[in-house]
Amino acid sequence: ISKSLGIWKTESTKIPKKLSSGEYAGEFDPGDIRGSYTFNDISTSFDITPKDLAQAFNVTTDNPEDFQVKSLEEMYSNLEVEIGTDSIRKFVAIYIGIPYESDAVLPNRAIELLYSNNKITDLEMNELLQNSIILPSSITHIPNTSSEDSEPLINGRTTVKDVINYGIQLEQIEEIIGIEITDQTSAIRDLC
């Protein structure tokens, strides 16, 4: 019955929810952007070109349309701050002029793009630059083609169980983090 009524869906539509109240009711919610969205999905809903998104986040690829937002965390996993889905949400919200509360860090290039497109004032630019990062210029996005022989990567989605599978004892993890771990499905990032 739910299939025939169109309620049961097994595929994601990659369309963010719309805001239901307030001044921006009916507009797409930048806070609903997911890591599985591509730059093209964002472009469709928020009228930002994939090229501008790639430029703002220093993504060098032949097909910026197909770049998935969650790939930013992998690309910039060695930075002292996280550049990922929430950074994209914040950038999009500022770009389209919808308020969005977030402590996410934006790259300097993203802030410069916002300023050059008259999306922020001089004062707003200076405020954003105080909590920004200059991204490395030589990173090229290469689709994930990891092999079993590659070194394990610990990122924001890595769980305690994953680290144990890499050969590290639970006691060692607890000692490093400084807490007793009761749920091995917890993400390392959340525990820290």
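The values are calculated or read from the model by the stated rules, or taken from the named source; none is laboratory data. Predicted, not measured: the structure shown is a model, and the values here were computed from it. All Cβ positions, even for glycine, are placed from backbone atoms using ideal geometry, and neighbour counts span all protein chains on display. Accessible surface is based on the protein model in full, side chains and every heavy atom, while ligands, DNA and RNA are left aside. Shrake-Rupley method; radii C 1.70, N 1.55, O 1.52, S 1.80 Å.
Things to note:
- Solvent-accessible area per residue in the chain equals 64 Å², computed with a 1.4 angstrom probe and all protein chains kept.
- Förster radius 45 Å - calculated FRET efficiency between ILE181 and ASN118 (Cβ-Cβ, nearest 0.05): 0.40
- Selection from PRO64, LEU19, SER4, by position along the positive dipole direction of the stretch 1-66 (Cβ): SER4
- The chain: Lys pairs at Cα distance under 24 angstrom, eight or more positions apart or on different chains: 22
- Expressed as a whole percent, the accessible area of the chain that falls on carbon and sulfur atoms is 46 (1.4 Å probe).
- Two-site label geometry, SER4 and ASN63: point separation in nm, points 7 Å out along Cα→Cβ: 3.9 nm
- Here the dipole of the chain is about 780 debye; that uses its Cα centre as origin and unit charges on the Cβ of Lys and Arg (positive) and Asp and Glu (negative).
- The chain: angle of helix 85-96 to the longest principal axis, Cα-based, in degrees nearest 10: 10 degrees
- In plain terms, the chain is cut at each of the GluC sites (Glu not before Pro) found in a DSSP loop with at most 10 other Cβ atoms within 10 Å, and the longest leftover piece is 24-79.
- Shape box of the chain [Cα atoms, principal axes, largest first, Å]: 53, 52, 35
- Mean Cα-pair separation over length for the chain, i.e. relative contact order, pairs under 8 Å, 6 or more apart, %: 15 percent
- All Cα pairs of the stretch 1-93, percent lying beyond 23 Å: 32 percent
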